[in-house]
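A short reminder: the numbers here are calculations on the coordinates, not readings from a lab. The shown structure was predicted, so the numbers you read here are calculated from the model rather than taken from an experiment. With ideal geometry, Cβ positions are generated from the backbone for all residues, glycine too; neighbour counts draw on all protein chains shown.
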Amino acid sequence: MVAAICSAKFAPITQHESKSMTQRLHLVFGGELVDSARTEFRDPDKIHVVGVFPNYQAAHAAWKAEAQRTVDSAQTRYFIAHLHRLRDEEIEASATEKLGG
């Protein structure tokens, strides 16, 4: 369902573009914060996950759309998480990861 929502709002990546670009996944999410000076969510169960995007440009477009949609809510913030930075396939796995833990 997320893919359907995202593709409706934002131009999809063509097959040619996806082959020529390195896939670097990004997660866009947000919600109401306890305090606008901090990044603690008021209710983590209500975090809005906008979607996972194949590159920063697509993630930024989604982030910008959500930020503009919620501009009147001072406590609401959206973020881009760089999922591709969480795991580097070139780095050897830890002992725990090798065991499947």
In whole Hz, what ³J(HN,Hα) sequence does segment 61-71 give by Karplus (6.51, -1.76, 1.60; θ = phi - 60°), x for Gly and Pro?
-> 4, 5, 4, 4, 4, 5, 4, 5, 5, 10, 4
Starting from the amide H of Leu25, placed 1.01 Å from N in the peptide plane, find each other amide H under 5 Å away whose residue is 5 or more places distant or on another chain.
-> His84
Where does each of 31-43, 70-82, 48-60 land if you order them by average Cβ count within 10 Å, highest first?
-> 48-60, 70-82, 31-43
Taking H placed 1.01 Å from N in the peptide plane, check which residues at least 5 places from His48 or on another chain put their amide H under 5 Å from its amide H.
-> Gly30, Gly31
Calculate the spin-label point distance for Val71 paired with Arg24, positioning each point 7 Å from the Cα along the beta-carbon direction, and give it in nanometres.
-> 2.8
